1. What's the total number of residues in region 102-123 that are of a type in the set (D, E, K, R) and modelled with pLDDT of 90 or more?
2. Being among the small types (G, A, S), assigned to a loop (DSSP other than H, G, I, E, B) and out of contact with any helix residue (DSSP H, G or I) (no Cβ under 8 Å at 6 or more places or on another chain) is the filter; apply it to region 166-182 and report the residue that is surrounded by the most Cβ atoms within 10 Å (Cβ to Cβ).
3. Checking the condition closer than 30 Å to G280 by Cβ, among the acidic types (D, E) and either surrounded by fewer than 12 Cβ atoms within 10 Å (Cβ to Cβ) or at pLDDT 95 or above (or both), which residue from D151, D205, D211 passes?
4. Could you check region 97-152 and list, in sequence order, the residues that are touching a strand residue (DSSP E or B) at 6+ places or on another chain (Cβ under 7 Å), among the acidic types (D, E) and under 16 Å from Q56 (Cα atoms)?
5. If a residue must be at pLDDT below 95, hydroxyl-bearing (S, T, Y) and under 30 Å from P301 (Cβ atoms), how many such residues does region 59-98 contain?
Amino acid sequence: MPKFLSLPLLALLLTAAGDPPLTPPAPCPAPAAAEEEDASRIVGGDPAKWGDAPWQVSVGYAGPLINARVAPGARAAPMGQRAHFCGGSLIAPNWVLTAGHCVVVDGRVVVAPGLLLVRYGGLRTGEPMPEARVKRVVLHPDYLTSPSQNDVALLELATPVKPVTVAGVKRVAFVGLAGDPGAPVLPPVMAGLRVSGWGKLASSDRAMAPDLQIISIDGLSQGACRAKWPDLLDVELCAGGGDKDSCQGDSGGPMVWQDADDRWWQVGVVSRGGKCGTKGLPGIYARVSSFQPWIRAQTGPAVR
C-alpha cells in the first residue's frame with residue numbers, strides 16, 4: 001500500500017474545497033510473496049543535520065480545513081493545524097517532486113492546489129520554516145492507484161525558492177535527477193542510498209517524527225526485489241530490507257545517491273511497501289530516471 005497518511009485524510013482536503021465526502025477505495029490486493037501495509041515512516045534512522053538533505057520539503061495543509069462529514073448534516077470542527085502528511089524534494093526554484101498518491105483521492109481526483117502548503121529549509125516540523133503555496137498540481141498522466149503505477153507528481157510553487165547556504169553548509173538546495181544532463185550512469189545495484197523524512201518512527205506511533213530523520217540503505221537488483229514483490233514494475237526499484245526503512249509521512253520523499261564527485265542525485269521517490277522495517281522486505285520507490293523526461297518537460301532544465 002502507499003506510504004502516506006490514510007486516504008480519508010485527503011478526502012478531508014477535498015471536502016474542505018466544497019466537494020462531497022469521498023469514500024476511500026478498497027485496499028490494494030497483496031502481492032503473492034509479501035503483504036503491503038498502509039504505513040510510512042523512517043525506521044531505524046538518525047536525526048538529520050544541516051546539509052544532509054537541503055532539498056527535503058514537507059507537504060501539508062494550507063489554512064483551516066473541515067473534516068469530512070461522518071453523518072448526513074453532521075460537521076466536525078474546523079482544523080487550523082498545518083499538518084505534515086507527505087514528503088517531497090526541491091528539484092527547481094518553482095517545483096517539488098512528490099508521490100502521485102500524495103495528491104489524489106478516490107483513485108484519480110487531484111487535490112486542489114490551494115489546499116496544499118510546502119515547507120522547506122528546516123529540520124523540525126514544530127519550528128517555523130519558510131513556506132510556499134502551491135500554484136498547480138501535475139499528476140503523472142498514467143498514474144494508477146491499484147495496482148500502483150507511475151506514482152509521481154509535481155507541485156508548482158506560487159513563489160520561487162532560493163538556495164540558502166550558511167557557514168558553507170547548504171540549508172536549501174535543489175537536487176539533480178537521475179537522467180539529467182551531466183548525471184552519471186547509475187550502477188545496476190546502488191549502495192549507500194539516503195532516504196529522509198518526518199514520518200513515524202514506529203508503526204504504533206500516533207504522531208510524526210518531530211525531527212527530520214535520515215537513513216542509509218542499499219538497493220536490490222530487480223530480480224532480488226521481484227522475489228519479494230512479484231508485481232514490481234520496471235519503473236520502480238527496491239531498497240532496504242533490514243531494520244532501516246522508509247515507511248506514514250515519508251511518502252513522496254527523496255531517495256538519493258552520491259556519485260564519485262560527491263554530488264547527490266535523486267534516484268527514487270518513496271512509494272509503497274510492507275510493514276516498515278520488516279527484515280527481508282524492501283521498500284519500493286518510483287524510479288526517477290524513468291520519469292525524468294516527463295518531469296523536465298514540465299519544469300524546464302535542471303538547476304543546481
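The values are calculated or read from the model by the stated rules, or taken from the named source; none is laboratory data. Given the structure is predicted, the values throughout are model-derived calculations rather than measurements. Positions of Cβ are backbone-derived with ideal geometry, glycine not excepted, and every protein chain shown enters the neighbour counts.
1. Qualifying residue count, region 102-123: 1.
2. Step by step, filter region 166-182, then rank; the result is A173.
3. On inspection, the qualifying residue turns out to be D151.
4. E131 - this is the single residue of region 97-152 that is touching a strand residue (DSSP E or B) at 6+ places or on another chain (Cβ under 7 Å), among the acidic types (D, E) and under 16 Å from Q56 (Cα atoms).
5. 0
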